[in-house]
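Some notes on the structure that comes next.
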Amino acid sequence: LEILHVDDKHTESWLEVWRRKGRAASGRSSYLTGDLFAADGFDGAMAQTDAAAQGHIRRLIVENLRIEAGMRVLEVGCGAGAVLSLLVDTGAALTGADYSEPHVAIARKVLPGVDLRIGEAGVLPFDAAVFDAVFSYGVFLYFPDLAYAARVLAEMLRVARPGAPLLIMDIPDEATHEECEVARRNAGASTNPPHCYYPRAFFERFAAEQLRSCRVFDQQVPGYLNSRFRFNALL
Ligand SMILES: C[S@@+](CC[C@H](N)C(=O)[O-])C[C@H]1O[C@@H](n2cnc3c(N)ncnc32)[C@H](O)[C@@H]1O
């Protein structure tokens, strides 16, 4: 009965998953912050991101990137703009790029003052050396492999001004891979397509090659259960 065989390795690609989620969240006349986080996938049992979590994420970004009014700040993989919406009151000139068209359409609707582009992280649609800070939250887990991630880091570096900080957040830790997959399965979270996990040394090595400092630190976003298995990297 080969006809009944389902190859569960090839259900949907991440791009298809994100477009589907973006379409499902489209068409509303208004969006609260929680709606944007839900559109961006922070709605499952492991991914709850309440007001305390949002405040924590905002502080991490503002403090690590030293965001001030007038700075040009890029978010890679901005989705519907959930995290960008937390930064509007900083007065920074915000820019976001994402490969899911329906997400970018929502972000354009809710963040009229933000420059939002459809674009893939590995080929960022920006000139070189234009941003004072570049960050990415909850995106590297959807990359196909570490080679693609290295290409994205190189792109983030290219569009950043010399010496501008890069902050990569919510990165699955290879050291807790098995434990994380078990926890996610038990919580009913999706495990297909798979997440990409990273050794912390991957970011340290990339930074060393670029003669940059690197601080890798545990992620402790309150109430966000995936945090236990994730880390952040400041380059
Ligand atoms: C979990 S959401 C996070 C969105 C946003 N950073 C936030 O925190 O609200 C992941 C986003 O990454 C985007 N994404 C995943 N892989 C990407 C890639 N290779 N290039 C551009 N965007 C990507 C998806 O379309 C999705 O909007």
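The table below lists the values:
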{"read-out": "Residue list for segment 176-215, restricted to those being over 30 Å from Gly34 (Cβ atoms) and assigned to a strand (DSSP E or B)", "value": "Arg215"}
{"read-out": "Test: residue in segment 198-212 that is under 27 Å from Asp43 (Cα atoms) and surrounded by 21 or more Cβ atoms within 10 Å (Cβ to Cβ)", "value": "yes"}
{"read-out": "Scope segment 120-178; condition acidic (Asp, Glu) and within 20 Å of Tyr198 (Cβ to Cβ); matching residues", "value": "Glu120, Asp145, Glu155, Asp170, Asp173, Glu174, Glu178"}
{"read-out": "Test result for Pro222, surrounded by fewer than 19 Cβ atoms within 10 Å (Cβ to Cβ), in contact (Cβ under 8 Å) with a residue 12 or more places away in the chain and over 18 Å from Asp145 (Cα atoms)", "value": "yes"}
{"read-out": "Residue tally, condition at pLDDT 95 or above and surrounded by fewer than 15 Cβ atoms within 10 Å (Cβ to Cβ), over segment 31-47", "value": "1"}
{"read-out": "Looking only at segment 48-82, and only at residues there that are hydrophobic (A, V, I, L, M, F, W, C) and open to solvent by 10 Å² or more (accessible area, probe 1.4 Å), the one that is farthest from the ligand (Cβ to nearest atom)", "value": "Ala69"}
{"read-out": "Pairs, first without any contact (Cβ under 8 Å) to a residue 24 or more places away in the chain in segment 166-187, second in a helix (DSSP H, G or I) and open to solvent by 20 Å² or more (accessible area, probe 1.4 Å), C-beta under 8 Å, six or more apart", "value": "none"}
{"read-out": "Selection count, segment 84-98, where residues are among the polar types (S, T, N, Q) and either near the ligand (Cβ under 8 Å from one of its atoms) or assigned to a strand (DSSP E or B) (or both)", "value": "1"}
{"read-out": "Segment 160-170, subset in contact with a Leu (Cβ under 8 Å, 6 or more places away or on another chain) and either assigned to a loop (DSSP other than H, G, I, E, B) or not acidic (Asp, Glu) (or both), residue surrounded by the most Cβ atoms within 10 Å (Cβ to Cβ)", "value": "Leu166"}
{"read-out": "Tally of residues being of a type in the set (A, V, I, L, M, F, W, C), in contact (Cβ under 8 Å) with a residue 40 or more places away in the chain and either in a helix (DSSP H, G or I) or surrounded by 18 or more Cβ atoms within 10 Å (Cβ to Cβ) (or both) across segment 110-159", "value": "20"}
{"read-out": "Subset tally (residues that are buried (at least 17 other Cβ atoms within 10 Å of the Cβ) and within 19 Å of the chain's Cα centre (by Cα)) for segment 182-191", "value": "2"}
{"read-out": "In segment 107-140, the residues that are within 10 Å of the ligand (Cβ to nearest atom) and β-branched (Val, Ile, Thr)", "value": "Ile118, Val123, Val139"}
{"read-out": "Every residue from segment 151-166 that is closer than 24 Å to Ile57 by Cα and within 13 Å of the ligand (Cβ to nearest atom)", "value": "Val152, Leu153, Glu155, Met156"}
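The values are calculated or read from the model by the stated rules, or taken from the named source; none is laboratory data. Only a predicted model underlies this, so the values are computations on that prediction, with no experimental measurement involved. All Cβ positions, glycine included, derive from the backbone under ideal geometry; neighbour counts span all protein chains shown. Heads up: the accessible areas ignore ligands, DNA and RNA and are worked out on the full protein's heavy atoms, side chains in. Shrake-Rupley method; radii C 1.70, N 1.55, O 1.52, S 1.80 Å.
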